[in-house]
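Enquirer: Quick one: structure below, then a few questions.
Since every read-out is calculated from the coordinates, none of them should be taken as a lab result. Not measured: the values here are computed from a predicted model. When we count neighbours, we look across all protein chains shown, and the Cβ atoms used for this are built from the backbone with ideal geometry, even at glycine.
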Amino acid sequence: MNKKHITRAIFYFVLTLLLCPSLSFGQRTGYSKEEFVRRRAELMEKSSDGMIILFGETMPLPGAHFHQGNDFYYLTGVEDPGAVLILVPKTKESYLFLPQQTPREELMGGANLLKDAKAKEKTGLTEIYQVSFFDEYIGRNLSRSGMTLYLRLSPADTIDNARSETLIFTARQARLHYNDQISIDNYRILKLKERFPAAEFKDITPSIDAMRVIKSPEEIEVMRRNGRISAEGVKQAMLATRPGGYEYEIEAAAMHVVLKNGATGAAYPPIVGSGPNTCILHYEKNERRVEDGDLVLMDFGGLLDYMCMDISRTWPASGKFTKEQREVYEIALEIQKACIETYRPGVTNEDVQKHVAEVMKKKGLDPRGQRGGFGHYVGLCTHDVGPRMEKLQEGMVFAIEPGLYYPEKNIGVRIEDTVLITKDGCEVLTKDVPKEIDEVEKLLSQREMKKK
């Protein structure tokens, strides 16, 4: 980045500080102890005997805040590194194992729950032990609890990638045999099989996924707040767009909003593509200079209390869509709106696609190969876990994102919202960011008013 780029980025950051409203609905609130106790109890009900074992993350990624593994956090709310959880379905007991820290570790990162006299009361756990007791605990109690160890035999998900995507990226890494190594999860499984060969090993992942796919009232409230914060972030990004500006300045405007209002960061690397970059679906360099006449496609969401959000909007850098841009945009928008109209418990993917086809025919629009349907789950992971959506159920949250891409014309359009399935329909959690053509152009016209 040259000096000119740095100066421009500082200018836009200061401008965002001055123009961005201070929101009061996005503070971090976390979850109640009862939420985690309920989840552990529900998971133990799905297994009659044995032990359920889950490992937490060991350390933060370089340059990033520590983020506990999704499954582990979901069941404990514990953010201490190096933790292990054992659940005993037969007795309904839960045990946390944590590293005994040196004074140096406490000085550098703070004390973990082993030093908190009220830790059991705060977490609702049966007992908290030093991690050095972990193997001995299994050895002492495996036969009486039942000779089954329930582990996560399926891959972990990350903040933004589903379990299936973890498998894909692992396979890509292993294309070069020097990079071909087993994951830490698979290493742990092998170690447990070496130490306890008489035990039967079963995958606990399907049970966890079935729980995570239906959001609790506490999770829904967090996602509602995140929807409002993330929507405001995208709106401010739209207002920060200028021909001659840079994609990273647009990203900065959105990031400022979510961080200022309690999010720990983005739910995935923000995508800000202008001109030809609108046709690169997961473009994340965000370094191009925006030109007059370009479309800008932004895919963005905040990470609040471990819950993700997912929004895509496309808008003209100049403030007005050209005729061709408008035609493409209208098709994507009508497909998305037709999908949302049908979302309610019991609806199938085929039901949605049938309605989309009817709407497009009635409006005289060519869907250009787009059929609509269901999108991807959203929750602790942007591409959240869960079985394939055969029928919609109350409490599901997912993103719907129809898109049309024409690289030869530098026209890429994607319109995405995150929706919650309610008792008799759906709630668009990201509705506060405009998507109707006249609303988009009206918002962008405010840039000229602010100049005056």
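Enquirer: What is the dipole size for the chain, taken about its Cα centre, with +1 at each Lys and Arg Cβ and -1 at each Asp and Glu Cβ, in debye to the nearest 20?
Expert: 580
Enquirer: Continuing with this model, one more query. Taking H as built 1.01 Å from N, whose amide H comes closer than 5 Å to the amide H of L380, not counting residues under 5 places away?
Expert: C308
Enquirer: Using a Debye calculation, one point per C-alpha and no hydration shell, please list log10 I(q)/I(0) for segment 254-408 at q = 0.08, 0.09, 0.17, 0.18 Å⁻¹ in order.
Expert: -0.27, -0.34, -1.12, -1.20
Enquirer: Give the distance, in whole Å, between the Cα centre of segment 106-138 and the Cα centre of segment 29-105.
Expert: 11
Enquirer: I've got another one for you. Run lengths n ≥ 4 of DSSP H only: what is the helix-derived mean residue ellipticity at 222 nm for the chain, with -39500 (n - 2.57) per run over all residues, to the nearest 500?
Expert: -12500 deg cm²/dmol
Enquirer: Provide, as a two-decimal number, the C-alpha radius of gyration of segment 33-212 over 2.2 N^0.38 Å, N being how many residues it has.
Expert: 1.05
Enquirer: D366 to D135: extension gain in nm, 0.36 nm per residue of separation minus the Cα-Cα distance?
Expert: Using 0.36 nm per residue and subtracting the Cα-Cα distance, I get 76.9 nm.
Enquirer: Taking amide H positions as placed 1.01 Å from N in the peptide plane, with prolines and chain starts having none, which residues 5 or more places from E127, or on another chain, fall under 5 Å of its amide H?
Expert: Residues meeting the amide H criterion: S94, L96.
Enquirer: Further question: Pop out the ³J(HN,Hα) list for segment 387-392 in order, Karplus 6.51 cos²θ - 1.76 cosθ + 1.60 with θ = phi - 60°, rounded to Hz; leave Gly and Pro as x.
Expert: Running phi through 6.51 cos²θ - 1.76 cosθ + 1.60 with θ = phi - 60° gives x, 4, 6, 6, 9, 6 Hz.
Enquirer: Based on the alpha-carbon set only, what is the convex hull volume of the chain divided per residue, in Å³?
Expert: Convex hull of Cα atoms, per residue: 177 Å³.
Enquirer: Next question, about the same structure. Could you list L281, L297 so that the one with the fewest beta carbons within 10 Å of its beta carbon is first and the one with the most is last?
Expert: Result, fewest neighbours first: L281, L297.
Enquirer: Same structure, new question: Using alpha-carbon pairs under 8 Å, 6+ residues apart, how would you state the relative contact order of the chain in percent?
Expert: Across the chain, relative contact order equals 15 percent.
Enquirer: If you don't mind, there's one more thing I want to ask. Do any trypsin sites (Lys or Arg not before Pro) in segment 375-409 lie in a DSSP loop with no more than 16 other beta carbon atoms within 10 Å, and if so, which?
Expert: Here the trypsin sites (Lys or Arg not before Pro) that fit, given the DSSP loop and packing criteria, are R388, K391.
Enquirer: Which of the trypsin sites (Lys or Arg not before Pro) across segment 323-358 are loop residues per DSSP, with 16 or fewer other Cβ within 10 Å?
Expert: For trypsin sites (Lys or Arg not before Pro) across segment 323-358 that sit outside H, G, I, E and B with at most 16 neighbouring Cβ atoms in 10 Å, the list is empty.
Enquirer: Another one. What FRET efficiency would be calculated for the residue pair E287, R144, taking the C-beta separation as r and a Förster radius of 60 Å, to the nearest 0.05?
Expert: 0.50
Enquirer: Provide the per-residue ³J(HN,Hα) series for segment 207-214, in order, calculated from phi with Karplus coefficients 6.51, -1.76, 1.60 and θ = phi - 60°, each as a whole number of Hz, with x at glycine and proline positions.
Expert: Computed from phi, the couplings for segment 207-214 are 5, 5, 4, 4, 6, 5, 6, 9 Hz.
Enquirer: Please find the FRET efficiency linking F201 to K92, where r is the Cβ-Cβ separation and R0 is fixed at 22 Å, and quote it to the nearest 0.05.
Expert: So, using R0 = 22 Å, E works out to roughly 0.50.
Enquirer: Please quote Rg/Rh for segment 324-435 to two decimal places, taking the Kirkwood radius as Rh and restricting both calculations to Cα atoms.
Expert: Ratio value, two decimals: 0.97.
Enquirer: For the pair E394/K354, report the inter-label distance in nm, with labels modelled 7 Å from Cα in the Cβ direction.
Expert: Computed distance between label sites E394 and K354 equals 2.4 nm.
Enquirer: Scan around R152 for amide H atoms under 5 Å from its own, H built in the peptide plane at 1.01 Å from N, and keep only partners 5 or more places away or cross-chain.
Expert: I204
Enquirer: Moving on to the next point. Toward the positive end of the charge dipole of the chain, about the Cα centre and with charges on Cβ (Lys, Arg +1; Asp, Glu -1), which of V258, L167, L96 goes farthest?
Expert: V258
Enquirer: How do M360, M108, M238 rank when sorted from fewest to most other Cβ atoms within 10 Å of their own Cβ?
Expert: M108, M360, M238
Enquirer: Here is a further query. Give, in nm to one decimal, the length gained when the segment between T170 and E194 is fully stretched (0.36 nm per residue of separation minus the Cα-Cα distance).
Expert: Value of the extension gain: 6.2 nm.
Enquirer: Can you put D438, D71 in order, fewest other beta carbons within 10 Å first?
Expert: Fewest-to-most Cβ neighbours within 10 Å comes out as D438, D71.
Enquirer: Please sort by residue number the trypsin sites (Lys or Arg not before Pro) in segment 251-315 whose DSSP state is loop and whose Cβ has at most 16 other Cβ atoms within 10 Å.
Expert: Answer in residue order: K285.
Enquirer: Then there's this: Rounded to the nearest Å, what's the spacing between the alpha carbon centres of segment 251-268 and segment 359-409? Just the number, please.
Expert: 25
Enquirer: So if each residue of separation counts as 0.36 nm, and I subtract the Cα-Cα distance between E45 and R104, what length gain in nm does that give?
Expert: 17.2 nm
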